[in-house]
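Engineer: Questions regarding the structure given below will be posed in turn.
The values are calculated or read from the model by the stated rules, or taken from the named source; none is laboratory data. What you see is a predicted model, and the numbers here were worked out from it, not measured in a lab. Every residue, glycine among them, receives a Cβ derived from its backbone with ideal geometry; neighbour counts consider all protein chains shown.
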């Protein structure tokens, strides 16, 4: 089997998802870190969208985290990270899509917005998303089922978890707080955080605060008017 290379960026939650999938499956890979502010000159040849993650397997490239993870599930089926039954697989894909298009997309808009009203809207939308997750997902599980799809970890868990590792950024820079009553969600987060794959690549809150602080300072500097001499 050809060597796998993963083009990643340390703050990218989507690259984080793929790294967790590779680790859970025990697939060896070479990690290639990309600086989003200083990309290699040939990066568009590697990633047509100019984004990470990108998986290189042999002489082919695959991008978009959900697609990359499903590719890994097909090529490296053990241990399985998606259900075999078609309806259950469809439900898993719906949850993964919700994480990417609702939770992560709203978070990105909230973090880059300089408009106070838009920030309030973003906080409210995230709050609604988290309550939806608790009520429509985790509360329907039995007490013995710790993960999104039951007793075994899946791509759904690995998709959602990086958001929670970076939650401190929203708390510190946007004043966001988890809404009350998310008991199953808190239990799930603690359970996933104890997994070896998660612990092996986790970063402390201070790491994210430092790195995002630099990004926000760069954004602030870019938006400052240039003083005329």
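Engineer: Do we have any residue at all in the range 150-166 that's within 17 Å of the chain's Cα centre (by Cα) and farther than 29 Å from residue 215 by Cβ?
Structural biologist: Yes, some residue in the range 150-166 is within 17 Å of the chain's Cα centre (by Cα) and farther than 29 Å from residue 215 by Cβ.
Engineer: So residue 56 clears everything in (1) touching a strand residue (DSSP E or B) at 6+ places or on another chain (Cβ under 7 Å); (2) within 26 Å of residue 192 (Cβ to Cβ); (3) touching a residue at least 24 places away in the same chain (Cβ under 8 Å); (4) not in a loop (DSSP other than H, G, I, E, B) except one condition, right? Which one?
Structural biologist: (2)
Engineer: Select, from 164, 98, 160, the only residue that is assigned to a helix (DSSP H, G or I), in contact (Cβ under 8 Å) with a residue 60 or more places away in the chain, surrounded by 14 or more Cβ atoms within 10 Å (Cβ to Cβ) and outside the structural domain of residue 18 (by TED's automatic domain parsing).
Structural biologist: Numbers: 164 fails: in contact (Cβ under 8 Å) with a residue 60 or more places away in the chain; 98 fails: in contact (Cβ under 8 Å) with a residue 60 or more places away in the chain.
When all the criteria are applied, what remains is 160.
Engineer: Of everything in the range 101-118, what is in contact (Cβ under 8 Å) with a residue 12 or more places away in the chain and surrounded by fewer than 18 Cβ atoms within 10 Å (Cβ to Cβ)? Give them in sequence order.
Structural biologist: Scanning the range 101-118 gives 102, 109, 112, 114.
Engineer: So residue 80 fits all but one of (1) outside any loop (DSSP other than H, G, I, E, B); (2) modelled with pLDDT of 95 or more; (3) over 12 Å from residue 156 (Cβ atoms); what number is the exception?
Structural biologist: Unmet for residue 80, out of (1) outside any loop (DSSP other than H, G, I, E, B); (2) modelled with pLDDT of 95 or more; (3) over 12 Å from residue 156 (Cβ atoms): (1).
Engineer: Using the structure shown, decide if residue 141 is farther than 15 Å from residue 65 by Cα and modelled with pLDDT of 95 or more.
Structural biologist: no
Engineer: Right, next: With the requirement that a residue be over 16 Å from residue 77 (Cβ atoms) and either out of contact with any strand residue (DSSP E or B) (no Cβ under 8 Å at 6 or more places or on another chain) or surrounded by 24 or more Cβ atoms within 10 Å (Cβ to Cβ) (or both), what does the range 9-22 give you?
Structural biologist: Within the range 9-22, 11, 12, 13, 14, 15, 16, 17, 18, 20 meet the criteria.
Engineer: Quickly run through the range 11-29 and pick out the residues that are assigned to a loop (DSSP other than H, G, I, E, B) and within 10 Å of the chain's Cα centre (by Cα).
Structural biologist: Residues of the range 11-29 that are assigned to a loop (DSSP other than H, G, I, E, B), as a first pass: 11-12, 26-29.
Passing the criteria: 11, 12.
Engineer: Here's something else I'd like to know. Among the residues of the range 119-143, write down those that are part of a helix (DSSP H, G or I) and free of Cβ contacts under 8 Å to residues at least 40 places away in the same chain.
Structural biologist: 120, 121, 124, 125, 128, 129, 132, 135, 136, 140
Engineer: Being in a helix (DSSP H, G or I) and touching a helix residue (DSSP H, G or I) at 6+ places or on another chain (Cβ under 8 Å) is the filter here, so list the residues in the range 167-182 that pass it.
Structural biologist: Those that are in a helix (DSSP H, G or I) and touching a helix residue (DSSP H, G or I) at 6+ places or on another chain (Cβ under 8 Å): 168, 169, 170, 172, 173, 174.
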